[in-house]
Ligand code: FNR
């Protein structure tokens, strides 16, 4: 039986560094684990009126169902002004509601922050951890993943080719798989 991990990328940018990291990570996850990329780009901004009035948008329903069926979550996020991008917060909010129907709850997860800067998205990483703590996601504490100066890990084609980055991601993939296995 395969364990399905949902991948949530906090950037919509075509050439997103986060997407490159997520793609590379997908190729490193051990056998028995499937990484499923979940599209959060088309989710309308959360407004409780739609739920309260019985006009819940179809894409919210579909998204909540998708999240509910996952065994675990990987969040790969850039840092926007020392926090997480709104598209990711919106997705987290949508699947946390209606009140009492938080479909993130009780599942394992991991947080990667990625940045071309020196701090590696530390602020975004910890803002996201705060939200996930409230949503009752069992977020892997160690090892932590702050991918700083990410452009140094890319080759001329823009792919992650730096050996030490790949080795680091392989160690993380093994640790994450072991973390998820504790909850199966
Ligand atoms: C950024 N960026 C950024 N970087 C960072 O390290 N700390 C920050 O607080 C911010 N703030 C920020 C705000 C906004 C609105 C944007 C658009 C960008 C730069 C960011 O790291 C860079 O654009 C990355 O390339 C974004 O990730 P993706 O899209 O490559 O995955």
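Readers should treat all values here as calculations from the given coordinates under stated rules, not as data from a laboratory. In this text, all values refer to a predicted model and were calculated from it rather than measured experimentally. No Cβ is skipped: glycine too gets one built from the backbone with ideal geometry, and neighbour counts run over all protein chains shown.
Can you name the strands (runs of 3 or more DSSP E) wholly within the stretch 1-96 that have at least 2 residues being within 13 Å of the ligand (Cβ to nearest atom)? Please lay out each step first, then the result.
Working: elements: 3-9, 33-37, 72-77.
Filter on the stretch 1-96 gives 3-9, 72-77.
Kindly check whether there is at least one residue in the stretch 67-89 that is surrounded by fewer than 16 Cβ atoms within 10 Å (Cβ to Cβ) and in contact with a strand residue (DSSP E or B) (Cβ under 7 Å, 6 or more places away or on another chain).
If we filter the stretch 67-89 for residues that are surrounded by fewer than 16 Cβ atoms within 10 Å (Cβ to Cβ), which is where we start, we get 68-69, 81-82, 86.
If we keep only those that are in contact with a strand residue (DSSP E or B) (Cβ under 7 Å, 6 or more places away or on another chain) too, we end up with none.
No, every residue in the stretch 67-89 fails to be surrounded by fewer than 16 Cβ atoms within 10 Å (Cβ to Cβ) and in contact with a strand residue (DSSP E or B) (Cβ under 7 Å, 6 or more places away or on another chain).
State yes or no: is residue 109 over 19 Å from residue 165 (Cβ atoms), free of Cβ contacts under 8 Å to residues at least 40 places away in the same chain and surrounded by 14 or more Cβ atoms within 10 Å (Cβ to Cβ)?
On the way: over 19 Å from residue 165 (Cβ atoms): yes; free of Cβ contacts under 8 Å to residues at least 40 places away in the same chain: yes; surrounded by 14 or more Cβ atoms within 10 Å (Cβ to Cβ): yes.
Yes; evaluated as a whole, the condition is true for this residue.
Enumerate the pairs (first residue in the stretch 123-136 and touching a residue at least 40 places away in the same chain (Cβ under 8 Å); second residue anywhere and buried (at least 19 other Cβ atoms within 10 Å of the Cβ) and in a helix (DSSP H, G or I)) with beta-carbon separation below 6 Å, excluding pairs fewer than 6 apart on the same chain, so at least 6 apart or on different chains.
Close Cβ pairs (under 6 Å, with a partner that is buried (at least 19 other Cβ atoms within 10 Å of the Cβ) and in a helix (DSSP H, G or I)) amount to 131/92.
Considering only the stretch 139-156, I want to know if a residue exists there that is more than 16 Å from the ligand (Cβ to nearest atom) and at positive phi.
No, every residue in the stretch 139-156 fails to be more than 16 Å from the ligand (Cβ to nearest atom) and at positive phi.
Would you confirm, using the coordinates I've provided, whether residue 82 is closer than 20 Å to residue 116 by Cα and free of Cβ contacts under 8 Å to residues at least 40 places away in the same chain?
Details: closer than 20 Å to residue 116 by Cα: yes; free of Cβ contacts under 8 Å to residues at least 40 places away in the same chain: no.
So residue 82 does not fit the description; no.
Filter the stretch 117-138 for residues that are surrounded by 15 or more Cβ atoms within 10 Å (Cβ to Cβ) and near the ligand (Cβ under 10 Å from one of its atoms); which is farthest from residue 183 (Cα to Cα)?
Among those residues, the one meeting the criterion is 119.
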